[in-house]
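Structure, as structure tokens:
Laboratory data are not the source of any read-out in this text; all were calculated from the coordinates shown. As the structure is a prediction and not an experimental result, all values here were calculated from the model. Backbone-built Cβ (ideal geometry, glycine too); neighbour counts: all protein chains shown.
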Amino acid sequence: MFNFFDNLHTGKKSNIAHLLNNPKFSLIIHDICTPIYLEVDGIFNLACPASPPKYQEDPIQTVKTCFIGSFNMLGMAKRLKIPILLASTSEIYGDPLMHPQKENYWGNVNTIGPRSCYDEGKRISETLFSDYKNQHKVDIRIARIFNTYGPRMSKKDGRVVSNFINQALLNKNIKIYGKSSKTRSFCYVSDLIDGLIKLFFKQKYHLPVNIGNPNETSIVMLAKKIIKLTESKSKIIYTKAVVDDPRKRKPDISIAKKVLKWEPSINLEQGLKKTIEYFI
Ligand SMILES: NC(=O)c1ccc[n+]([C@@H]2O[C@H](COP(=O)([O-])OP(=O)(O)OC[C@H]3O[C@@H](n4cnc5c(N)ncnc54)[C@H](O)[C@@H]3O)[C@@H](O)[C@H]2O)c1
């Protein structure tokens, strides 16, 4: 039986419409900030808005989801003696001073900026997970996820891939916030899911693991690729940088390769084609 908790803050029922009649699937509309008592065999804690405009809409709720939500899920894992995985993030590295980012890098994060509710929220989630492991022997996993995209991502959530595809399909200017040198490393959703499942079923590894695609690309290159793939007439324009937006992002995935025997298999062009098909 698969119990899927969601408060539908950024999620949509239509994304899981094909599962709703499956007797082995149960949707429970629930906010993880409220405790819940169920019998389950394992927990994937992915609840949390991930797009900056969405997590900044209600920053206190974002922090509550990361702290109180993780606390409630860890309590359930402790009571039931089951494994629990945290969807952490590359944002815990902040604006990184190490490149590429390895798991032993402690990060460069602003505690009081507009992104702090998410960045620091995920950092406290990691701390709680680690403390539950050390103090109560809870069987934890921590996945540090780097920018992920793909079909069923919300078309209007304000992330760079969805913004650029929308703008390109409408032949509107593609807006890049800040400098042309800014980079990200984009991982296709099926690669991420494969990595999360491998991590969840990996016994006795409790340290954080970067799950992302190490093929770093500049944001300008991303825009150019999307313009080409959509055969758009859009032009690229530069606007004011967003506060605390990291300049670079690239995972070192040596640990995932060694411990999980995992690495991504879908390249950016293949992934973008599938995502654009979904957006059309
Ligand atoms: N997509 C990425 O690039 C990325 C990168 C790093 C980490 N992550 C992490 O992976 C997870 C999933 O990301 P996503 O891109 O699917 O985000 P998303 O915003 O599309 O989905 C988050 C889901 O969590 C639900 N949710 C939010 N707060 C909740 C709460 N308090 N109780 C119950 N449900 C709640 C939302 O309704 C939604 O269905 C998040 O934890 C995110 O921080 C994602």
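Sorting C48, C66, C117, C33 from the fewest to the most surrounding beta carbons within 10 angstrom yields C33, C117, C48, C66. Converting phi to 3J(HN,Hα) with the Karplus coefficients 6.51, -1.76 and 1.60 and the offset θ = phi - 60°, segment 270-278 yields 4, x, 5, 4, 5, 6, 4, 4, 5 Hz in sequence order, with x at every glycine or proline. For P246, the shell of other residues with beta-carbons less than 13 Å away shows a net charge of +2, using +1 for Lys and Arg and -1 for Asp and Glu. For K240 and D41, the FRET efficiency from 1/(1 + (r/R0)^6), where r spans their Cβ atoms and R0 equals 51 Å, is about 0.60. Label sites at K24 and F279, each approximated as a point 7 angstrom past Cα along Cα to Cβ, lie 3.4 nm apart.
Applying a threshold of 26 Å to the alpha-carbon distances of K78/K257; K235/K274; K13/K257; K155/K240; K102/K235; K156/K273 flags K78/K257; K13/K257; K102/K235 as lying beyond it.
Neighbour counts of C-beta atoms inside 10 Å place R144, R159, R247 in the sequence R247, R159, R144, starting with the fewest.
Say R0 is 25 Å: what FRET efficiency, to the nearest 0.05, do K202 and N134 get from their beta-carbon distance? E(calc), rounded to 0.05, equals 0.85.
On full extension, the segment bounded by I16 and N166 gains 51.7 nm, given 0.36 nm per residue less the C-alpha separation. Relative contact order for segment 89-199: 23 percent, from Cα pairs under 8 Å spaced at least 6 residues apart, divided by residue count. Spin-label model, K78 to N215: label points 7 Å out along the Cα-to-beta-carbon direction sit 4.3 nm apart.
Which of the three applies to segment 48-119, rounded, prolate or oblate, going by the alpha-carbon gyration tensor with a ≥ b ≥ c and a/c under 1.5 meaning rounded? The shape class here is oblate. Rounded to whole numbers, the Karplus 3J(HN,Hα) couplings from phi for segment 32-43 are 5, 6, 9, x, 9, 10, 9, 9, 9, 9, x, 10 Hz, using 6.51 cos²θ - 1.76 cosθ + 1.60 with θ = phi - 60°, and x at Gly and Pro. For M1 and W106, what is the calculated FRET efficiency with R₀ set at 41 Å and r taken between the beta-carbons, to the nearest 0.05? That gives a FRET efficiency of 0.55. Scattering from the C-alpha atoms of the chain alone, worked out with Debye: what is log10 I(q)/I(0) at q = 0.07, 0.10, 0.14 1/Å? For the requested q values the scattering log ratios are -0.25, -0.52, -1.06. Take the alpha carbon atoms of segment 225-279, find their center, do the same for segment 1-56, and report the distance between the two centers in whole angstrom. Centre-to-centre distance over Cα atoms comes out at 26 Å.
With K and R counted +1 and D and E -1, the other residues having a Cβ less than 12 Å from that of A143 yield a net charge of +2.
Summing charges over all other residues whose Cβ lies under 11 Å from the Cβ of N163, with Lys and Arg as +1 and Asp and Glu as -1, gives +4. Take each peptide in 81-91, 52-62, count the other Cβ atoms within 10 Å of every residue, and average; sorted highest first, the result is 81-91, 52-62.
Using Cβ contacts closer than 10 Å as the measure, can you line up D41, D31, D119 from fewest to most?
D41, D31, D119
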